[in-house]
Amino acid sequence: MPATPLRTLRAAFARSLRLRVLGLTIATFVAISIPAYLSFVWIVDATTVKLATLFAEKQVLYDRYRGLEALVRETALAETLARSPSIIEWGADEADPDKRRRGMAELEHYRLAFRDRSYFFAVEGSGNYYFNDAANSFSQAPLRYTLSDNNPRDGWFFKTLSEGPGCTLNVDNDENLGLTKVWINCVVADGARTIGVLGTGIDLTTFIRDVVSPDQVGVDSMFVDRTGAVQADRDRNRIDFHSLTKSADARKTVFQRVDGDADRATLTAMMRSVSNGQDSVKAQFMTVDGRSTLVGVGYLDQLGWYNVTLMDVDQIIDSRLFRPIAVLLGLMMLAAAALVTWLFKRSVLDRLAVAEHSVARIEAGDFSPVQPLRGDDEISRLAAALSRMAASVRDNTDMLEEAVRERTEQLESIAYLDPMTSAMNRRGFVEAFAHARDLALHDRTRLGLLILDIDRFKTINDTRGHRIGDEVIVDVSARLLTVLRSGDICARWGGDEFVILVDKCTKEAMEEIAGRVIDALRTLPLTLSSGANLRITCSIGGYLLEIGDHLDLATHRADLALYAAKRAGRNRTVMYDPDVHGGSGANKVA
């Protein structure tokens, strides 16, 4: 019977172990590749969702930071102005010319501090509305018009008064002034008696450009109030103007963009969770404007607004980015199949060929010593034992090296970090200063040194206890880190003193950073573990180093300035002046 190609192939497979191993290897890798592909698709989908969720959380935190940065300072200034005695006295007795002069001077003073360089003040008793803008257009006639409870456009004023003391935000178009702004409305009160409403505003177009306009593809950010009414959106048609005076069913809300009652309920629960402090950020997929969208929500507790971020995952994370990984995995599997086949040939087939050749020589009458086979059973077991032992030694060595590394890091942390605040201690700062000084000498740049001392810290310890004093120190350290630049260094110098090294410094840069430090401590009170609030201020002494100045000289001169700041009344910064504070310059190198 003539041989067929199929029969010939079967015979070759039956006689050749090499072909059988190759066939089994290919079949095994094909069988593995199918579940591997399905697993890869599942991993890609899960990774995409996870990355998108993480991106959503970071984007919400980023939007919240931008919103807070733009509005919190303005709100704090407006609150301070609303508590001004000059404003309260004038509002209570508007006709008194002397009180009017002092009140107008106070408004003008704060106008220059507001970002928008504008203010408004509406007096409850008369309804008079005073306003001045950045161009100082109304310095001679700040009284612009008179409010009336019969005018619906003035409803914001009476609504704000009805809500009691504090500040509220309202996106509104003042038709009398022809301005559309994010208005900050703060109630002026004398005890239980309301005097009026004052505040400032941020131009809506500027606010949307700086805060809301997205800088990420597929990301749409907005700010909404407690009812969901849209207060800031890159599409002005979605903004709910005059929210304070609208009924709930007339407002433009974020819920109107969400499809389905279930998703609206989910969004409501997310807003409730972040406002209650249960979560800082919540993110979940839901259908928005007909598309599956990842929705992230954060809460700006200082403003009473939510920042809502809508993300199109397909635009943010393109699944085609994973194709090179799939191709790479396929090539790796093919390479692995070839490598397994080659290793089997080398470790088994070649040894069998040597054994077969030795047997043939013996059959031919050649009785010379038989070439020893590589990896006979005993040697293979010994090699396996040695391999296991080497693996065990390697693992133990890795464990010891890791333990040494961790212990070294712990010792460095103990040596250079303050255990209470995790900031640098004196020893760490000395080394950091030496390194920074060498770089400054090389670059011919100057360094600045600020020494900060918490005002009346001994009184805090004596009256509230050392545990509260420790809380104050930890809080001060945390606040300092938020205002420093990337190249600046902060350390706990000892007790309630901190030291800041300002890199690539000028006098103006030092004064700016010192001012941010002063504001960071005194702007918001510290909430103690007992629930009580504690106002913190500090005194700062600064010294702009000459190139080559040593640390001892720098700290001595900064200390002289610090003592001058304390003598001048605390809660301020004094920069070292040799004509005023004295001090020797002998400790200087070329």
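Coordinate-derived values only; no laboratory data. Note that the coordinates shown come from a computational prediction; the quantities given were computed from them, not determined experimentally. Because the Cβ atoms are built from the backbone with ideal geometry, glycine has one as well, and the counts that use them run over all protein chains shown.
Quick one: net charge of Asp453's neighbours, Cβ under 13 Å, K/R +1, D/E -1?
+3
Step through the table entries Lys181/Lys246; Lys504/Lys566; Lys458/Lys507, compare each Cα-Cα distance with 25 Å, and write down the pairs that go over it.
Lys504/Lys566; Lys458/Lys507
Given a Förster distance of 35 angstrom, what is the FRET efficiency for Arg456 paired with Asp93, based on the Cβ-Cβ distance and rounded to 0.05?
0.45
What net charge is computed for the residues neighbouring Glu89, neighbours being all others with C-beta under 15 Å from the C-beta of Glu89, Lys and Arg scored +1, Asp and Glu -1?
-1
If you stretched the chain out fully between Ala192 and Trp342, how much longer would it get, using 0.36 nm times the residue separation minus the C-alpha to C-alpha distance?
Stretched out fully, the Ala192 to Trp342 stretch lengthens by 44.9 nm.
In what order do Asp259, Asp98 fall by count of nearby beta-carbon atoms within 10 Å, going from fewest to most?
Taking fewest neighbouring Cβ atoms as first place, the list is Asp98, Asp259.
Could you pull out every residue, at least 5 positions away or on a different chain, whose amide H is within less than 5 Å of the one on Leu417? Hs are placed 1.01 Å off N in the peptide plane, and Pro or chain starts have none.
Asn425
Quickly work out the Leu328-to-Gln278 label distance, labels modelled 7 Å from Cα along the C-beta direction, and quote it in nm with one decimal.
So the two model labels end up 4.1 nm from each other.
Using Stokes-Einstein with the Kirkwood hydrodynamic radius over Cα pairs, what translational diffusion coefficient do you get for region 426-581 at 20 °C and a viscosity of 1.002 mPa s, in µm²/s rounded to a whole number?
135 µm²/s
Using 0.36 nm per residue, how much length does the chain from Leu441 to Glu163 gain when fully extended, once their Cα-Cα distance is taken away?
94.1 nm
If R0 is 60 Å, what FRET efficiency do you get for Arg73 and Leu24 from their C-beta distance, rounded to 0.05?
0.25
State, to one decimal in nm, how far the label point of Arg236 lies from the label point of Ala105, with both points 7 Å from Cα in the Cβ direction.
Reported label-point gap for Arg236 and Ala105 is 4.0 nm.
What's the extension gain from Ala31 to Thr506 if we count 0.36 nm per residue and subtract their Cα-Cα distance?
164.1 nm
Given R₀ = 51 Å, what would the calculated FRET efficiency be for Ala248 paired with Ala415, taking r from the Cβ atoms and rounding to 0.05?
0.25
In what order do Lys458, Lys159 fall by count of nearby beta-carbon atoms within 10 Å, going from fewest to most?
Lys458, Lys159
Using a 10 Å cut-off around each Cβ, can you sort Phe241, Phe131 from fewest to most neighbouring Cβ atoms?
Starting with the residue having the fewest Cβ neighbours, the order is Phe241, Phe131.
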